[in-house]
1. By a straight-distance test (C-alpha under 20 Å), which lysines pair with Lys3 as possible cross-link partners, with residues fewer than eight away in the same chain excluded?
2. List, largest first, the extents of the alpha carbons of the chain along their principal axes, each in whole Å.
3. Could you work out the local net charge near Val351, counting Lys and Arg as +1, Asp and Glu as -1, over the other residues with Cβ closer than 12 Å to its Cβ?
4. If I stretch the segment between Glu188 and Lys130 completely, what's the gain in nm (0.36 nm per residue apart, minus their alpha carbon distance), one decimal?
5. Count neighbours as other Cβ atoms within 10 Å of each site's Cβ, and list the trypsin sites (Lys or Arg not before Pro) in segment 137-199 that are DSSP loop with at most 15 such neighbours.
6. Using r as the Cβ-Cβ distance of Glu101 and Ile44, and R0 as 56 Å, what FRET efficiency do you calculate, to the nearest 0.05?
7. Between Asn394 and Asn89, how many nm apart are label points set 7 Å from Cα along the C-beta direction?
8. Roughly how many Å is it from the Cα centre of segment 140-174 to that of segment 249-263, as a whole number?
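The values are calculated or read from the model by the stated rules, or taken from the named source; none is laboratory data. What you are looking at is a predicted structure, and each value in this text was computed from that prediction instead of being measured. Here Cβ is always computed from backbone atoms with ideal geometry, including for glycine, and neighbour counts include all displayed protein chains. SASA here: full protein model, heavy atoms, side chains in, ligands and nucleic acids out. Shrake-Rupley method; radii C 1.70, N 1.55, O 1.52, S 1.80 Å.
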Amino acid sequence: MRKLLKSPVQIITVDTKGKNFKRGKDAANILPVNDHSIIIEDNIIKDIISNSSVKKYTFDQIINCEGYIVLPGLIECHTHTAFAGSRSNEFLMRLKGATYEQIAESGGGIISTVKAVRRSSFEELIRIIKPRIDLFISQGVTTLEIKSGYGLSYYDEIKLLQVINYFKKTLPIEIVPTFLGAHTYPPEYKNDHKKYLKIISDELLPFIIQNGLAEYIDAFCESSAFSAAEVDQIFTKAVKLGYKLRLHTEQFNNIGGLDVALKHNALSVDHLEVIKESDIQKLNDSETVAVLLPGVSFFLDYQFAPARQLIDNNAIVALSTDYNPGSSNIPNLHLIMSLAVLKMKMTAEEVISGVTINAAKALDISKRTGSIEINKQADFSLFKANDYSEIVYNIGQNLNEITIKNGEIIYKRNSE
Ligand code: NIG
Ligand code: FE
């Protein structure tokens, strides 16, 4: 089966010349190509040819891309999409002056979502979560990471991972499940950390990987959640079992999370709003990706991560929504892209690298997706625009009209 993406306004290749990430200054090189079309064969990018040579070939399907800019399918690499309930009451409390951490300490925060998830059945969770994934697909997202972390018991963490895996099997995009049992301590083990750590290490970690429910693990290293030593203990066990690691760290406090993540060669360190200036250079020759989440700073009215310094110091920077009910109730990756240029002073080009190739790198899948390079998966987002600057300029609007995954159109605006 040979297909053609014919005559787009421009192809934003984000070509890495086989390197599969863009570090520092290189993130600005998104390598646009004009007057070209893309050949897809067997769900793979076969070639990028000049429009004048299209007539030399025959095609089984031609997708007319006139009026569209073609980007790699967007990669949403950090979300907590699998939640139930609402925390609008906490949002109002914060507007009156309470902080995110104060709300968490008084029994709200993550724990209030945990209660809502524990009350929900598998079927109810499916019904609540499905439209959220559809919304991401409509934005051009072709790979979506979803964490557990709102069950926080053996039964409920597995239930959430089963829900995420149900979507992985049944939906046309790639869903990447991540085990986040170490999100915070559940009320029943608040005063017995050892017991909960044992449940994670001896029960959940082996069961989850042996049953193919997740091959990624994440944790929250914070004064209100897990200490660096506790994360170290969990990661040590996880690595032995074959997990790939991510870490929420330096969001509110510096308590050693960054060093633990780097010691274990984690795929990414996420948040970094309060990373110490002297720590920034630790990422300058590391392949650990800095995943920045400007929606959280916006939603919490809090400081932004130092994106400029990270990029200027040669880090690999990715962007994501961190979609969750407590600190970023923002299921809109395009809004995040605009926040990144406005509030973190990233360039439009760096932002595009941040939601494509570098986000793929954070998930360790950038060898096969995240850029438009020959032999990669035919994953694309098609934006109705004459210039890619329109994407960050049209704040919060969805210019993506067609989403293509493995060579198939999986979303078309206004189609049945
Ligand atoms: O990434 N920081 C911890 N976890 C989420 C927030 C989760 C919540 O508040 O429900 C985050 O910000
Ligand atoms: Fe998060």
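1. Cross-link targets: Lys46, Lys55, Lys56, Lys376, Lys405, Lys412.
2. Per principal axis, max minus min of the Cα coordinates gives 71, 46, 45 Å.
3. +1
4. Between Glu188 and Lys130, full extension yields an extra 17.9 nm.
5. Qualifying residues, ordered by number: Lys190.
6. About 0.75, to the nearest 0.05.
7. 3.9 nm
8. About 26 Å separates the Cα centre of segment 140-174 from the one of segment 249-263.
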